[in-house]
Amino acid sequence: MSKYLTNLDIEYPLGPVTSTCSREAAALYLYLIARKFKIPTGGIAKVILQQAPSVTERTLLDIITYAHPLRHLDKLPPSASEEEARKALIDEITDALLALAELKGWDQEPIRKLHAEVIKRGYRFEGTAGKSAKNSTKTMTATAAWRSDQHLHIGVLLQGSKKTPECFIAATRIGISLGLFESLLGPLEWVDDETVRLFHSNKRDYWDISVTTQTAEFHFPRAESGNAHGQYDLAKMYLDGWIVEQDISKAEEWLRKSAAQNFPKAVKLLQRIEAGEPDLADPLMNSMR
C-alpha cells in the first residue's frame, strides 16, 4: 500500500485548449510529486478529479474519486489564451487537492509547495535532465531537455556564451506521458563540435543532433548492425510512429532488409504492405498521441 500519492487523473469537462493543458498539467504534477514533493495520503495512491454540482468523495481500495464544483475553469471565457487556461486548470487542481486534503486530514503543506513550484515554472511542463557537457572547444554546452505544447518535445538545450540566448533543438515529439519521456532522456556526449549525441536511458539507441542544421537523426544500432529482428523492430517503429515520426517508406526499407534475411514477421508484414492491405499501423503504438 502506497504511503504517498502516485497517480492523478483529471476528468473535468474540457475544451480544445484546456484538454491539451490537462495532460500537461497532470504530467507536471506527477513529475513533481515523484521528484520533489511527496504528498502523504495514508494509503491512497490515486486521485481522480471530476466536476459535480456538490462535493462528493468515493474511496475504493487505494483510489479516491473526488467530485466538486469548478471555481476557476467555469469562469474561463471561450476566448481564453492557452496561458490563461493553463493557470485556471492548475489552480483548479490545487484547490481540489487542498480541499480533499482537508477532508481526509492530510498535510496540506506539500500541496502548497508543489503549487508554488508550478508557478515558478510558469505553469509549464519543461526542464532538463542529467549532466551538461561542453564541446571540445568549450564554446557550447549541451543538456538533455524537454519542452511541451500539444506534445512533449525531447531534445537538447544549447548554451553558448552568457550573452547568447539558449537554443532548444528537438529530436522527437511524443504524447504527454511520464514513463515514456523519461526513458528517452539518457546521457549525452559531443561527437564533434557541431554534433550532440543524445542517448535513450538504455544507453544504446540515440539521436545525433546537428547544431548547425538543428536537425536530428535517429539511430537504432540493433538494426544498423544487420540484426534481422532489430531491423523488423525499427520498421515497426516507423510504421506505427513509435518515438519517431511515422514514415511508411522507411518502414518498408527496413522491412526489406529484415525480410532479405528471411525473418518471418518481416516477410509476412512486407507481403501485406505490398498487397495494399490498409490500416497496418497499430494506433495504440503511436507515441505521438
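Identify, by number, the condition in (1) assigned to a loop (DSSP other than H, G, I, E, B); (2) of a type in the set (Lys, Arg); (3) surrounded by 19 or more Cβ atoms within 10 Å (Cβ to Cβ) that Lys203 doesn't meet.
Lys203 satisfies all of (1) assigned to a loop (DSSP other than H, G, I, E, B); (2) of a type in the set (Lys, Arg); (3) surrounded by 19 or more Cβ atoms within 10 Å (Cβ to Cβ) except (3).
Looking at the range 257-274, is at least one residue farther than 22 Å from Leu184 by Cα, in contact with a Phe, Trp or Tyr (Cβ under 9 Å, 6 or more places away or on another chain) and of a type in the set (Asp, Glu)?
Checking the range 257-274: not a single residue is farther than 22 Å from Leu184 by Cα, in contact with a Phe, Trp or Tyr (Cβ under 9 Å, 6 or more places away or on another chain) and of a type in the set (Asp, Glu).
Scan the range 136-150 and tell me whether some residue there is at pLDDT below 95, charged (D, E, K, R) and touching a Ser or Thr at 6+ places or on another chain (Cβ under 8 Å).
Scanning the range 136-150, I find at least one residue that is at pLDDT below 95, charged (D, E, K, R) and touching a Ser or Thr at 6+ places or on another chain (Cβ under 8 Å), so the answer is yes.
Listed residues Gln150, Gln231; which is assigned by TED's automatic domain parsing to the domain that holds Glu252 and either under 28 Å from Thr94 (Cβ atoms) or buried (at least 20 other Cβ atoms within 10 Å of the Cβ) (or both)? Full working, then the answer.
Values: Gln150 fails: assigned by TED's automatic domain parsing to the domain that holds Glu252.
Exactly one of Gln150, Gln231 is assigned by TED's automatic domain parsing to the domain that holds Glu252 and either under 28 Å from Thr94 (Cβ atoms) or buried (at least 20 other Cβ atoms within 10 Å of the Cβ) (or both), namely Gln231.
Name the residue that is modelled with the lowest pLDDT, counting only residues in the range 85-135 that are in a loop (DSSP other than H, G, I, E, B) and on the phi > 0 side of the Ramachandran plot.
Keep residues of the range 85-135 that are in a loop (DSSP other than H, G, I, E, B), which gives 105-108, 121-126, 135.
If we keep only those that are on the phi > 0 side of the Ramachandran plot as well, we get 105, 122-123.
Working: Gly105: 95, Gly122: 84, Tyr123: 81.
Among them, the one singled out is Tyr123.
How many residues are β-branched (Val, Ile, Thr), under 28 Å from Asn7 (Cα atoms) and loosely packed, with under 15 Cβ neighbours inside 10 Å when one looks only at the range 157-200?
The total comes to 0.
Among the numbered conditions (1) over 22 Å from Gly43 (Cβ atoms); (2) free of Cβ contacts under 8 Å to residues at least 24 places away in the same chain; (3) of a type outside the set (Val, Ile, Thr), tell me where Gln108 comes up short.
Going through (1) over 22 Å from Gly43 (Cβ atoms); (2) free of Cβ contacts under 8 Å to residues at least 24 places away in the same chain; (3) of a type outside the set (Val, Ile, Thr) one by one, Gln108 breaks only (1).
For Ile243, only one of the following conditions fails: (1) loosely packed, with under 14 Cβ neighbours inside 10 Å; (2) closer than 18 Å to Ser287 by Cα. What is its number?
In the conditions (1) loosely packed, with under 14 Cβ neighbours inside 10 Å; (2) closer than 18 Å to Ser287 by Cα, Ile243 misses (1) alone.
Tell me which residues, restricted to the range 65-84, are assigned to a strand (DSSP E or B) and over 25 Å from the mean Cα position of the chain (by Cα).
Across the range 65-84, the qualifying residues are Tyr66, Ala67, His68.
Looking at (1) of a type in the set (A, V, I, L, M, F, W, C); (2) in contact with a helix residue (DSSP H, G or I) (Cβ under 9 Å, 6 or more places away or on another chain); (3) more than 24 Å from Asp149 (Cα to Cα); (4) loosely packed, with under 13 Cβ neighbours inside 10 Å, find the lone condition where Ala259 falls short.
Only one criterion in (1) of a type in the set (A, V, I, L, M, F, W, C); (2) in contact with a helix residue (DSSP H, G or I) (Cβ under 9 Å, 6 or more places away or on another chain); (3) more than 24 Å from Asp149 (Cα to Cα); (4) loosely packed, with under 13 Cβ neighbours inside 10 Å is unmet by Ala259, namely (4).
Pairs please, first residue from the range 266-289 and closer than 30 Å to Glu182 by Cβ, second anywhere and among the hydroxyl-bearing types (Ser, Thr, Tyr) and in a loop (DSSP other than H, G, I, E, B), Cβ atoms under 9 Å, 6+ apart in sequence or on different chains.
Listed by first residue and then by second, the contacts come to Ser287/Ser177.
Going by the structure shown, is Ala52 more than 30 Å from Gly160 (Cβ to Cβ) and surrounded by 14 or more Cβ atoms within 10 Å (Cβ to Cβ)?
Judged against the criteria, Ala52 is not a match.
Considering only residues that are over 18 Å from Thr172 (Cα atoms) and either outside any loop (DSSP other than H, G, I, E, B) or touching a Gly at 6+ places or on another chain (Cβ under 9 Å) (or both), which ones fall in the range 210-232?
Selection gives Arg222, Ala223, Glu224, Ala228, His229, Gly230, Gln231, Tyr232.
The values are calculated or read from the model by the stated rules, or taken from the named source; none is laboratory data. Because the structure is predicted, anything quoted here is derived from the model rather than measured. Backbone-built Cβ (ideal geometry, glycine too); neighbour counts: all protein chains shown.
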